[in-house]
Amino acid sequence: MVTWQVVAGGPLARLDARISRALAGRGPVPLTELLADLGSVPVAAPVLVAAMAYAVWRGRRGQALRAGLALALVPALVLPLKLLVGRAGPLTAETGYYPSGHTATALVAYGGAALLLGRRWAVPVAVLLTTATGTGLVLRGYHWPLDVVGSVCLFGWLYAAGLLVSSIGRRRSSSRTPSRRTGPS
């Protein structure tokens, strides 16, 4: 639906333009630039690679491989969609701004790292880093808000599926672990 609104110039796209005009250029430049850069490959990919190394060390090679493949899917899906939609940027007539590759990279890299780490605190940190990336991109005027939302919609399902699979795996493994109160099962 987001892509359709962007392509058709529907009411959501018009609202997007009003919001972008109100937000672009707001905030301290060094901070908003830093936030936008959180979604760049040189920043986000090493976080995922470190988490992949940790997962391999913990004997979870398959999960590490899937996380790496998910990151490889980002340009494979984003670049053709950018060419197909051909949306101009908020502060330029150049096209190729929808969806946001930086947001997609942040979501997949930080989300994948959170899943691989398997720590309760990692998921909120991944959400925070992805949100910070999108916020920085919009405040700097690099992307329209719908560019960011489109990337979250495009890749959010990968993250949600990973959370579901990881929670099912934890339930299965914990059901085989004897409880102190009940003894062996």
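The values are calculated or read from the model by the stated rules, or taken from the named source; none is laboratory data. Since the structure is predicted, the reported quantities are computational estimates derived from the model, not experimental observations. Cβ atoms come from the backbone with ideal geometry, glycine included; neighbour counts cover every protein chain shown. Ligands, DNA and RNA are stripped out before the accessible areas are found, and what is left, the full protein with its side chains, is counted by its heavy atoms. Shrake-Rupley method; radii C 1.70, N 1.55, O 1.52, S 1.80 Å.
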Next item on the list: For Ala72 paired with Leu128, estimate the spin-label separation in nm (one decimal), with each label point 7 Å from Cα along the Cα-to-Cβ line.
Entry: 3.2
Notebook entry, point to check: Restricting attention to segment 96-127, which chymotrypsin sites (Phe, Trp or Tyr not before Pro) occupy a DSSP loop and are surrounded by at most 16 other Cβ atoms within 10 Å?
Noted result: Trp121
Next item on the list: Determine the relative contact order of the chain: mean sequence separation of Cα pairs under 8 Å and six or more apart, normalised by residue count, in whole percent.
Entry: 29
Next item on the list: Evaluate E = 1/(1 + (r/R0)^6) for Thr95 and Arg58, where r is the Cβ-Cβ distance and R0 equals 30 Å; express this FRET efficiency to the nearest 0.05.
Entry: 0.10
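Select from the chain the helices, each a whole stretch of DSSP H, whose alpha-carbon atoms run 24 Å or more along the helix axis and whose Kyte-Doolittle mean is at least -1.0; answer none if there are none.
Working: long enough: 61-85 (36 Å, 1.42); 122-140 (27 Å, 1.46); 145-175 (43 Å, 0.71).
Passing helices, by number: 61-85, 122-140, 145-175.
Determine the per residue accessible area of the chain with all protein chains present and a 1.4 angstrom probe, expressed in square angstrom. Please report the intermediate quantities before stating the final value.
Values: 10630 Å² over 185 residues.
With the other protein chains kept in place, the chain gives 57 Å² per residue.
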Check: What part of the accessible area of segment 1-84, given as a whole %, is carbon or sulfur when the probe is 1.4 angstrom?
Finding: 73
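Multiplying the sequence separation of Ala160 and Ala88 by 0.36 nm and subtracting their Cα-Cα distance, what value in nm do you get?
22.9 nm
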Checklist line | Using alpha carbons only: equivalent-ellipsoid semi-axes of segment 1-126, gyration tensor based, whole Å | finding: 31, 17, 12
Note to self: Which order do you get for Arg60, Arg14 if you rank them by accessible area with a 1.4 Å probe, largest at the top?
What the structure shows: Arg14, Arg60
Check: Which trypsin sites (Lys or Arg not before Pro) in segment 70-131 pass both tests, a DSSP loop state and at most 11 other beta-carbon atoms within 10 Å?
Finding: Arg119, Arg120
